[in-house]
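Undergrad: Quick one: structure below, then a few questions.
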Amino acid sequence: MLLYAGLIDSLEMPERRQRAWPLLLATASFGAAAFLLRRPSFFDALLGHMMLGMMIAVLLTFVITLRWKISAHGVGMGGALGLFGLLYLSADLMRVFYGGWSLPAFWLGQ
């Protein structure tokens, strides 16, 4: 869509200035998803929080890419790693506070 509109030259976007439009479009999309998924009666709160986190990460990527060319894939992988870390820690804390077992502890044989 952006290619046909002439806002970018190629799908690879080798120039830093061409990355602004896709990142702004992704930020708006994640923001709309976070807004729509904020209803706790229909969706789990974690889903809305994940979308909000993704929106913030893409927005920060947009701000940084105005000055430097960075890897958006690296930002996404860092977010995924952070989410897995958060889920691991929260499951481990549930085991400590409630005396139950958690899947990460089960996988590690604890």
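Undergrad: Among 1, 48, 66, which residue has its Cα positioned farthest towards the positive end of the charge dipole of the stretch 1-83, with +1 placed on the Cβ of Lys and Arg, -1 on the Cβ of Asp and Glu, and the dipole taken about the Cα centre?
TA: 66
Undergrad: Roughly speaking, to the nearest percent, how much of the stretch 1-84's 1.4 Å accessible area is carbon and sulfur? It would help to have the intermediate numbers written out before the result.
TA: Working: 4440 of 6150 Å².
Looking at the stretch 1-84 in its full context, I get 72 percent from C and S.
Undergrad: Let me ask something additional. With a probe of 1.4 Å, find how much accessible area the stretch 2-72 has per residue, and write the answer as a whole number in Å².
TA: On the way: 5070 Å² over 71 residues.
Here the residues of the stretch 2-72 average 71 Å² of exposed surface.
Undergrad: Net charge within 12 Å of residue 69 by Cβ-Cβ distance, Lys/Arg positive one each and Asp/Glu negative one each, not counting residue 69 itself? Don't jump to the answer; show the numbers that get you there.
TA: Details: positive: 16, 17, 19, 67; negative: 15.
Neighbourhood net charge equals +3.
Undergrad: In terms of the Cα gyration tensor, with a ≥ b ≥ c the square roots of its eigenvalues, is the stretch 1-94 rounded because a/c is under 1.5, prolate because a/b exceeds b/c, or oblate?
TA: Details: a/c = 3.26, a/b = 1.73, b/c = 1.88.
Here the stretch 1-94 falls in the oblate category.
Undergrad: Just to verify a number: FRET efficiency for residue 67 and residue 35, C-beta to C-beta distance, R0 = 35 Å, to 0.05?
TA: Efficiency for this residue pair is about 0.75.
The values are calculated or read from the model by the stated rules, or taken from the named source; none is laboratory data. Fair warning: this is a prediction, and the values are worked out from it, not measured in the lab. As a convention, Cβ positions derive from the backbone with ideal geometry for all residues, glycine included, and neighbour counts pool all protein chains shown. Accessible surface is based on the protein model in full, side chains and every heavy atom, while ligands, DNA and RNA are left aside. Shrake-Rupley method; radii C 1.70, N 1.55, O 1.52, S 1.80 Å.
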